[in-house]
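S.K.: Got a structure here, written out as structure tokens. Questions coming.
The values are calculated or read from the model by the stated rules, or taken from the named source; none is laboratory data. Since the structure is predicted, the reported quantities are computational estimates derived from the model, not experimental observations. Glycine gets a Cβ as well: all are built from the backbone with ideal geometry, and neighbour counts include every protein chain shown.
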Amino acid sequence: MEMYVDCLGASREVGRSAFMLHTDKNIMLDYGMKIFDAAGAPTFPLHTDIKPDMMVLSHAHMDHSGCLPALYTNSKIRWYSTPPTRYISEVLWLDSQKIMGDGLPYQPHHFKKALKYWTPMLYKQPINTAETRIEMFDAGHISGSAMVDIEYRGKNFFYTGDFKCEETFMHKPAKFVDSIETLMIESTYAKKEHPPRKESEEKMMEEIYETIDNGGTALLPAFALGRTQELIALVRSYDKDIPVFVDGMGRDLTDIYLRYPQYIKDAKELRKAVKNITMVRYPADRRAATKDPGVIITSAGMMNGGPVLNYLFNVNSNSKVIFTGYCVEGTNGWLLQNNGTIMKDGSELNVDLPIRYIDLSAHAGRSDILNFIKNANPEKILLVHGDKPEEFATELKDDFGYDALAPLPGERVML
């Protein structure tokens, strides 16, 4: 039986990662949603008539996990992930049901059914099914994130998912691999180099100190998953005393991070940092957060929901908004950075606060992607999870001699 992969999402786009790999089993790799398309609406993976035999989830971000419960509208397959990925996904799915409701391609009972068919999978502990062998490796992206190696009849297919090759406060870097036949690799930042991490961290603290010295609040819109925990650790590693408040879903996700300490770099330090901040749980906490100069880390990272808008209009005029992650075009975060406005209750409102952006990406940058490819030395490269991967594919072919392809949505690639 010949190996091939059907690309059902994240092909020449970022979002709705979904790939069906065919060995002697039909293996679904991720099944996510694109939360905001160009029109601001969610989009889901392309339909396939082929039924998966099993599903492997690389990590819990919604663009990789968000549609997984939809697989359980008419099946009872097992799905595999690390333990943190399973429990983080549950929190995110519950939140998406509150926000999107009937806009999701599944009902609450499908979500509950999916949880019953989860099977834990640990790093470097392969499983075998028929003639197919599957193994996970730490991706260095968020808690529990995994790169997936699949072997079948002497050939292997390596799926990076989202990965990071630079050390952060939360994670050790993903390790390079070698001797790969087919490499399916994210290309989010294939054309962009991230600044050195230390430089970004120091810039962040400079902005925070300047804001506090001026009597304001440093407001940090942050993804609840991954970025909130990174910022808690970052700020507390540099300063033990400035007031730090954390609001939104990041509270619950931080609890999961600490419940599985082996999936982060230094759980002891994170636990110590968490004990030395204020988790906002009551209205009085929220009022206290804006009373005196300090730091507020709050969802949502793109400012489309969560407590962040409440803070935005309650901090004093000496405050500053500091973004550390990507904002999709059309979201409030994008509008604020580009137009100095946000949308609230159907009205466009001006925001008269300084806006900063500091790159703390949890994705590999250009040099890491190129070095990963160089070390893997694959026979074939499939570039996914990028806005213009076809340009990078041309570069890899013309300048480096690789057999590189940026699959189209719905394309079947023979391996």
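S.K.: Given the structure, is I322 touching a Lys or Arg at 6+ places or on another chain (Cβ under 6 Å), outside the structural domain of D63 (by TED's automatic domain parsing), of a type in the set (A, V, I, L, M) and touching a residue at least 60 places away in the same chain (Cβ under 8 Å)? Full working, then the answer.
M.R.: Working: touching a Lys or Arg at 6+ places or on another chain (Cβ under 6 Å): yes; outside the structural domain of D63 (by TED's automatic domain parsing): yes; of a type in the set (A, V, I, L, M): yes; touching a residue at least 60 places away in the same chain (Cβ under 8 Å): yes.
Yes; evaluated as a whole, the condition is true for this residue.
S.K.: Go over the candidates T211, T188, T182, T217 one by one and state the one that is surrounded by 19 or more Cβ atoms within 10 Å (Cβ to Cβ) and under 16 Å from the mean Cα position of the chain (by Cα).
M.R.: The unique qualifying residue is T188.
S.K.: Quick check on my filter: what residues within segment 347-360 are within 25 Å of the chain's Cα centre (by Cα) and surrounded by fewer than 21 Cβ atoms within 10 Å (Cβ to Cβ)?
M.R.: Keep residues of segment 347-360 that are within 25 Å of the chain's Cα centre (by Cα), which gives 355-360.
Scanning segment 347-360 gives I355, R356, Y357, I358, D359.
S.K.: Something else now. Quick one: how many residues across segment 44-73 are modelled with pLDDT of 95 or more, of a type outside the set (D, E) and not in a loop (DSSP other than H, G, I, E, B)?
M.R.: Qualifying residue count, segment 44-73: 11.
S.K.: Please specify each residue of segment 169-179 satisfying the condition of being surrounded by 14 or more Cβ atoms within 10 Å (Cβ to Cβ) and hydrophobic (A, V, I, L, M, F, W, C).
M.R.: Within segment 169-179, F169, M170, A174, V177 meet the criteria.
S.K.: Where in segment 258-346 are there helices (runs of 4 or more DSSP H), lying wholly inside it, with at least 1 residues that are exposed (fewer than 14 other Cβ atoms within 10 Å of the Cβ) and under 24 Å from the mean Cα position of the chain (by Cα)?
M.R.: 267-275, 332-339
S.K.: Among the candidates Y80, Y72, Y87, which residue alone is among the hydroxyl-bearing types (S, T, Y), closer than 29 Å to M302 by Cα and buried (at least 18 other Cβ atoms within 10 Å of the Cβ)?
M.R.: The match here is Y87.
S.K.: Which residues, taken from segment 11-43, are at positive phi, in a loop (DSSP other than H, G, I, E, B) and surrounded by 19 or more Cβ atoms within 10 Å (Cβ to Cβ)?
M.R.: R12, G15, R16
S.K.: For segment 356-415, how many residues are within 27 Å of P45 (Cβ to Cβ), part of a loop (DSSP other than H, G, I, E, B) and of a type in the set (A, V, I, L, M)?
M.R.: Residues meeting the conditions: 5.
S.K.: Quick one: E207 ticks every box in (1) modelled with pLDDT of 95 or more; (2) over 30 Å from D255 (Cβ atoms) bar one, so which box is it?
M.R.: (2)
S.K.: Can you name the residue in segment 90-108 that is in a helix (DSSP H, G or I) and in contact with a Phe, Trp or Tyr (Cβ under 9 Å, 6 or more places away or on another chain) and is also surrounded by the fewest Cβ atoms within 10 Å (Cβ to Cβ) among such residues?
M.R.: My answer is L94.
S.K.: Moving on. Pairs please, first residue from segment 369-396 and assigned by TED's automatic domain parsing to the domain that holds P173 and within 15 Å of T188 (Cα to Cα), second anywhere and part of a strand (DSSP E or B) and aromatic (F, W, Y), Cβ atoms under 8 Å, 6+ apart in sequence or on different chains.
M.R.: Sorted first by the residue in segment 369-396, then by its partner, the pairs are V384/F19.
S.K.: Looking at (1) of a type outside the set (F, W, Y); (2) surrounded by fewer than 24 Cβ atoms within 10 Å (Cβ to Cβ); (3) at positive phi, which is the only condition H47 fails?
M.R.: (3)
S.K.: To continue, here is another question. Within the set of pairs 6+ apart or on separate chains, which have a first residue in segment 301-312 that is farther than 18 Å from M279 by Cα, a second that is buried (at least 22 other Cβ atoms within 10 Å of the Cβ) and of a type in the set (G, A, S), and C-beta atoms under 7 Å apart?
M.R.: Close Cβ pairs (under 7 Å, with a partner that is buried (at least 22 other Cβ atoms within 10 Å of the Cβ) and of a type in the set (G, A, S)) amount to M302/G333; M303/G333.
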